[in-house]
Amino acid sequence: MHVLVLGAGQLARMMSLAGAPLNIEISAYDVTSGNIVHPLTQAVIGHGLDNAIEHADVITAEFEHIPHPILEVCEKSGKFLPSTQAIKAGGDRRLEKALLDNAGVRNAKYAVITTREDFTQAIEYVGMPMVLKSALGGYDGKGQWRLKESSQIDEIWQQMAQCIADSDNQAIVAEEFIPFQREVSLVGARGKDGAIAVYPLAENVHTNGVLSLSTAIADPALQEQAQQMFSAVAESLNYVGVLALEFFDLDGQLLVNEIAPRVHNSGHWTQQGAETCQFENHLRAVCGLPLGGTQLVRETAMVNILGEDTLPDAILSMPGCHIHWYGKEKRAGRKMGHINVCGGYSGELQRRLCALAAVLDAEAFPAIHEFAKKYAQ
C-alpha cells in the first residue's frame, strides 16, 4: 500500500515511521515546490502532482492550509481522504464554525468580519472582551488579536483591515472570550466502515500561542462529552482518518475551540502512551484497515521542543524519556521535536517531569518548569 501525504513536514515523517511495520509506504508531496520527497530523508524522489497521484493508492494530508487547486485535483482522483470538505473546514474558521453549528456542537458565540461595519456589529453582538482570529492562515497564535476595551478598537481595526487586504478571500472571525479553566483536546479516528476509536483527553498548556506541554488525563465526565462531540463532527463529515478537537473546559462544560482534520500535536504522546499511536491509526483508517486500540497503556506527557536543536545527553539516560527529533533546521520558535515522558502511575510521571525540568533550560521550556514549581509546592 502506498500513501501520498500532502505536506512534507514532521507529521508525514512520523506517519512514515508508523506505517513501515505494516508495509505501508509513504511519500510526501511538497505543495510549495511540487517535489515528491522521502518523508524521512527529504530526498527528492520525483516531481509533479499528477506523477505523485499516479503512484499512490491513497492520498491524505498533514496540514490544512493546502491550496484549493491541489485539493481539487486530489479529490478528482477518488483517492483522497478524509475529504476536501474536512481539510477546507480545518483551514478556514468560517467553514469550521458553520460545520460545528451544523453538527450541533457547542462553541463560542461568533461573528464574521470583512468591513468596519461588520466589526461594529460584532462588538455589539459578541461583546467585549473578544478574541479575533484571521479566517485563513492563522495558527500557533498568529493572526490573532484580543479586544479588551473600546480604546483598542481603532488600532486593532487597522491591523485587521491590513490582514484582510493582504489575502484573497480573507476575513476575521470574532469570538466571545471564554474564561476557561484549562484547554483540553481529544484525538480520535474514524474508519471507512464508520467505526470510531478515541484516545483519552489531553490537557494542554500553551506558551505564546504554541503548544508546550500535553498530558493524557482521566476525566470520565469530560471524556464522555468530548467523545459525543467528536462523533457528531466525524459523522457529519463522513470522516475517515484521525481528527482532533480542541476544547475549552468551562466549569466542567466543554466548548469546541478548533478542529484539526489530521494527526495532531497534542496526540504525539500516543507514540509511547497508547496501544496504537495516532499516526498508525490514521494510516489504518485511510487504508481501510481495522482501527487499533486507543487505550492508555502508561501515564504519558509530551513536551514540545521549540527553537532548540540540541538537548542535554543526560535525558537519554533518564527513565521513561523518549526524544523525537524532526530533522529541521533551527529557527526561533520552530517545532524542532518533542519529548514523551512516561510513568507507571501519575506520581511517577510527575517526578519524571520534574527531573526533566531540572536539566532543561527554563527560558526554552517554560511550561515544564511551571509544572515543576507547582508540583514542588
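The values are calculated or read from the model by the stated rules, or taken from the named source; none is laboratory data. Note that the structure is predicted; figures quoted are calculated from it, not measured. So basically every Cβ, Gly included, is an ideal-geometry build from the backbone, and we count neighbours across all protein chains shown.
A single entry from Glu117, Glu64 fulfils the requirement of being at pLDDT below 95 and either among the acidic types (Asp, Glu) or crowded, with 21+ Cβ neighbours inside 10 Å (or both): Glu64.
Quickly run through region 277-320 and pick out the residues that are more than 21 Å from Tyr345 (Cα to Cα), of a type in the set (Gly, Ala, Ser) and within 20 Å of the chain's Cα centre (by Cα). Ala285, Gly307, listed by residue number. Considered as a group, the residues in region 164-182 that are assigned to a strand (DSSP E or B) and in contact with a Leu (Cβ under 9 Å, 6 or more places away or on another chain) include one that is surrounded by the most Cβ atoms within 10 Å (Cβ to Cβ), and that residue is Ile172. Restricting attention to region 138-154 and to residues that are assigned to a loop (DSSP other than H, G, I, E, B) and surrounded by 15 or more Cβ atoms within 10 Å (Cβ to Cβ), the residue that is modelled with the lowest pLDDT turns out to be Asp140.
Ala274 - would you say it is of a type in the set (Gly, Ala, Ser), surrounded by fewer than 24 Cβ atoms within 10 Å (Cβ to Cβ) and over 16 Å from the mean Cα position of the chain (by Cα)? When the stated conditions are applied, Ala274 does not pass them.
Ala108 meets the stated requirement of being surrounded by 20 or more Cβ atoms within 10 Å (Cβ to Cβ) and closer than 26 Å to Met229 by Cα.
Among the residues making up region 30-58, a single one is touching a residue at least 40 places away in the same chain (Cβ under 8 Å), in contact with a helix residue (DSSP H, G or I) (Cβ under 8 Å, 6 or more places away or on another chain) and closer than 16 Å to Met14 by Cα: Leu40. Condition check for Gln227 on (1) under 16 Å from the mean Cα position of the chain (by Cα); (2) closer than 28 Å to Asn102 by Cβ: one failure, at (1). Can Leu201 be described as of a type outside the set (Asp, Glu), more than 26 Å from Val286 (Cα to Cα) and touching a helix residue (DSSP H, G or I) at 6+ places or on another chain (Cβ under 6 Å)? Spelling it out, it is not the case that Leu201 is of a type outside the set (Asp, Glu), more than 26 Å from Val286 (Cα to Cα) and touching a helix residue (DSSP H, G or I) at 6+ places or on another chain (Cβ under 6 Å).
Filter region 184-209 for residues that are part of a strand (DSSP E or B) and either in contact with an Asp or Glu (Cβ under 6 Å, 6 or more places away or on another chain) or within 21 Å of Ala89 (Cα to Cα) (or both) and give the result. Within region 184-209, Val184, Ser185, Leu186, Val187, Gly188, Ala189, Arg190, Ile196, Val198, Asn204 qualify. Annotation: of all residues in region 210-246 being assigned to a loop (DSSP other than H, G, I, E, B) and in contact (Cβ under 8 Å) with a residue 60 or more places away in the chain, the one that is surrounded by the fewest Cβ atoms within 10 Å (Cβ to Cβ) is Ala218. Among residues of region 155-194 being at pLDDT 95 or above and among the acidic types (Asp, Glu), the one that is nearest to the chain's Cα centre (by Cα) is Glu183. Restrict the check to region 76-98 and report whether at least one residue is under 30 Å from Gly127 (Cα atoms), part of a strand (DSSP E or B) and not charged (D, E, K, R). No. Restricting attention to region 5-57, the residues that are in contact with a strand residue (DSSP E or B) (Cβ under 7 Å, 6 or more places away or on another chain), in a loop (DSSP other than H, G, I, E, B), surrounded by 14 or more Cβ atoms within 10 Å (Cβ to Cβ) and among the aliphatic types (A, V, I, L, M) add up to 4. Checking region 278-295 against the condition returns no match, with no residue being charged (D, E, K, R), in a loop (DSSP other than H, G, I, E, B) and in contact (Cβ under 8 Å) with a residue 60 or more places away in the chain. The residue list Ala43, Ala111, Ala122 contains one member that is at pLDDT 95 or above, under 25 Å from the mean Cα position of the chain (by Cα) and among the small types (Gly, Ala, Ser), which is Ala111. Within region 349-377, the set of residues being within 17 Å of Met318 (Cα to Cα) and surrounded by fewer than 16 Cβ atoms within 10 Å (Cβ to Cβ) comprises Arg351, Ala358, Val359, Asp361.
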